[in-house]
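The structure appears right after this line, and notes come after that.
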Amino acid sequence: MATAGKVIKCKAAVIWEVGKLPSLEEVEVALPRTHEIRVKIVATGICRTDDHVVNGIFPNIDYPVIVGHEGAGIVESIGPEVTCVKPGDKVIPLCLPQCGECASCLNPKSNCCLKTHFCQSQNLMPDKTGRFTCRGKQVYHFLWTSTFSEYTVMPEASIVKIDDDAPLEKVWLFGCGFSTGYGAAINTAKVEPGSTCAVFGLGGVGLSVIIGCKAAGASRIIGVDINKEKFAKAKELGATECISPNDFSKPIHKVLVEMTGLGVDYSFEAIGRIDTEVAALASSCLGSGTCVLVGEPPSGSQLAFDPTLLLTGRKLTGSLIGDWKLKDALPKLVSDYMNKKCHPDALISHMLPFEKIAEGFELLRAGKSIRSVLLF
Ligand code: PAD
Ligand code: ZN
Ligand code: ZN
């Protein structure tokens, strides 16, 4: 492409400091170095995790930063020794890397690559230098994706080629939200046919859990949210009932236990709050229930609960990006999408030009959107 070998000037949204919404800027994007790829982002969604960075509750972030981690685009150019993609390929950036070499990548039971931000910082490229500058200042990367920039750079561990015919304005959903929720149900919980499920939080992630529970054959799926405007979409996607904790004087876990006898077979927390994590655990069935934590509580949070909940046979676990090894899984998920085997499209509530990114964040905060997609 004509831009190959040159520094690119393009539009991006920069979070200059904690508490400030991403601001539209012109940034410079340097050339990809060895084992790096520069990608032209076509479409990118706004996930609550991006808002956590705005609010300063995501761990170990350096500011100014360009966030965005649900995206899809086209390879613009590659650095030396890149073998996994070539210019022109359609790709999805991976918010959870899969280096293929570390102990986790070699462990078939783990997707928590040791290069992920939970193990080491991803605020700069692996060689500890950055590729973004704006107004003469270095701007940090986020999860090696930074999809809120028209052009972005990532290492080979953080990119995967997808089907040439995949619609980029749709399949960005696989970059985080849909894969996270769907995988939490089918990979982490391994929901069984005929089972009962409760899903706390009916945002993009929780609704994707519902899609996964339904696909796995759950017979009863109870959605829990304080925003009743989310109920119609949850029911459209497979919830059999929806309840709001605000409609009951007793704690919501007691309501769920009464509704189901001993509690649900599988409960999921897709909000990111300590109190709802404990409520989800207490809603799961005595003797055999499984509770899966998906939401990300503020960094430094500590969970406290009565250990009897576990002694009496409940299992508590967590799920990072749906337990998928993303580089292996995403091409298959996208081809399932192309073959109409899974349909996350209903999660896209708003399509906005990239310039309206602030409006996208406001819609998320006001509880009016599920996923807004920003188009460059
Ligand atoms: P969202 O904000 O779109 O949805 C959250 C939902 O929770 C909203 O519908 C709220 O109304 C609802 N809610 C808020 N407070 C309560 C409450 N007290 N009781 C009941 N419902 C409530 O977010 P999202 O769906 O984009 O993300 C959900 C969480 O998942 C968030 O913490 C995000 O950071 C996390 C996440 N985790 C992973 C992972 O790999 N584990 C990946 C992606 C996102
Ligand atoms: Zn790895
Ligand atoms: Zn996300």
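Which of LEU114, LEU311, LEU347 ends up with the largest GNM mean-square fluctuation for the chain, with Cα atoms connected below 10 Å?
LEU311
Could you order TRP16, TRP144 by accessible surface area, starting with the largest, using a probe radius of 1.4 Å?
On the way: TRP16 65, TRP144 5 Å².
Largest accessible area first, the list is TRP16, TRP144.
Where does the longest stretch of the chain lie that holds no GluC sites (Glu not before Pro) found in a DSSP loop with 12 or fewer other Cβ atoms within 10 Å? Show your work: numbers first, answer last.
Details: sites that count: GLU17, GLU81, GLU101.
For GluC sites (Glu not before Pro) (loop position, at most 12 other Cβ atoms within 10 Å), the longest site-free span of the chain is 102-376.
Sorting check: for 284-290, 297-303, which peptide has the highest mean count of neighbouring beta carbons within 10 Å, and how do the rest follow? Could you put the intermediate results ahead of the total?
Numbers: 284-290: 19.6, 297-303: 11.6.
Per-residue Cβ counts within 10 Å, averaged per peptide and sorted highest first, yield 284-290, 297-303.
With θ taken as phi - 60° and the coefficients 6.51, -1.76 and 1.60, list the Karplus ³J(HN,Hα) couplings across region 120-137 in order, rounded to whole Hz; mark glycine and proline as x.
Going residue by residue, I get 8, 4, 10, 6, 10, 5, x, 7, 6, 10, x, 10, 10, 9, 8, 6, x, 10 Hz, with x marking Gly and Pro.
For the chain, what is the accessible area per residue in Å² when the probe is 1.4 Å? Walk me through the numbers on the way to the answer.
Values: 14770 Å² over 376 residues.
Per-residue accessible area for the chain comes out at 39 Å².
Nothing charged except the Cβ atoms of Lys and Arg (+1) and of Asp and Glu (-1): what's the magnitude of the dipole of the chain about its Cα centre? Round to the nearest 20 debye. Intermediate values should be presented prior to the final figure.
Numbers: 39 positive and 40 negative charges, 31 e Å.
Rounded to the nearest 20 debye, it is 140 debye.
Tell me the chymotrypsin sites (Phe, Trp or Tyr not before Pro) within region 231-304 that lie in a loop according to DSSP and have at most 14 other beta-carbon atoms within 10 Å. Display every interim value, and only then the final one.
Working: sites: PHE231, PHE248, TYR266, PHE268; in loops: PHE248.
Passing sites in region 231-304 are PHE248.
Give the residue list of trypsin sites (Lys or Arg not before Pro) in region 131-198 that are DSSP loop and have at most 15 other beta-carbon atoms within 10 angstrom. Present the calculation step by step, with values, prior to reporting the outcome.
On the way: sites: ARG131, ARG135, LYS137, LYS161, LYS170, LYS190; in loops: ARG131, ARG135, LYS190.
Filter output for region 131-198: ARG135, LYS190.
Starting from the amide H of MET351, placed 1.01 Å from N in the peptide plane, find each other amide H under 5 Å away whose residue is 5 or more places distant or on another chain.
VAL373
If you look at just the Cα atoms of the chain, how large are its Rg and its Dmax in Å?
When restricted to Cα atoms, the chain yields Rg and Dmax of 20.3, 65 Å.
Sequence-distant or interchain residues sharing an amide H contact under 5 Å with ILE162, placed H: which?
Amide H neighbours of ILE162, under 5 Å, 5+ apart: LYS90, VAL91, ILE92.
Dividing the alpha-carbon radius of gyration of region 169-299 by 2.2 N^0.38 Å (N being the number of residues), what value is obtained? Don't jump to the answer; show the numbers that get you there.
On the way: Rg = 13.3 Å, N = 131, 2.2 N^0.38 = 14.0 Å.
So region 169-299 has a normalised radius of gyration of 0.95.
³J(HN,Hα) across region 177-189 via Karplus (A = 6.51, B = -1.76, C = 1.60, θ = phi - 60°), whole Hz, x for Gly/Pro?
For region 177-189, the Karplus-derived couplings read x, 5, 4, 4, x, 4, x, 4, 6, 8, 9, 6, 6 Hz, x marking Gly and Pro.
Give me the distance between the Cα centres of region 256-285 and region 183-207, rounded to whole Å.
Each part's Cα centre sits 12 Å from the other's.
Which angle from 0 to 90°, rounded to the nearest 10, does the C-alpha axis of helix 204-215 make with the longest principal axis of the chain?
For helix 204-215, the angle is close to 60 degrees.
Could you tell me what percent of the accessible area of region 113-247 is made up of carbon and sulfur, with a 1.4 Å probe and every protein chain present?
Numbers: 2220 of 4480 Å².
Percent of accessible area from carbon and sulfur atoms in region 113-247: 50.
Under 5 Å between amide H atoms, partner at least 5 residues away or on a different chain: which partners does LYS315 have, H built in plane at 1.01 Å?
Those qualifying (amide H under 5 Å, at least 5 residues apart or on another chain) are GLY289, THR290, CYS291.
The values are calculated or read from the model by the stated rules, or taken from the named source; none is laboratory data. What you are looking at is a predicted structure, and each value in this text was computed from that prediction instead of being measured. Cβ: placed from backbone, ideal geometry, glycine included. Neighbour counts: every protein chain shown. Heads up: the accessible areas ignore ligands, DNA and RNA and are worked out on the full protein's heavy atoms, side chains in. Shrake-Rupley method; radii C 1.70, N 1.55, O 1.52, S 1.80 Å.
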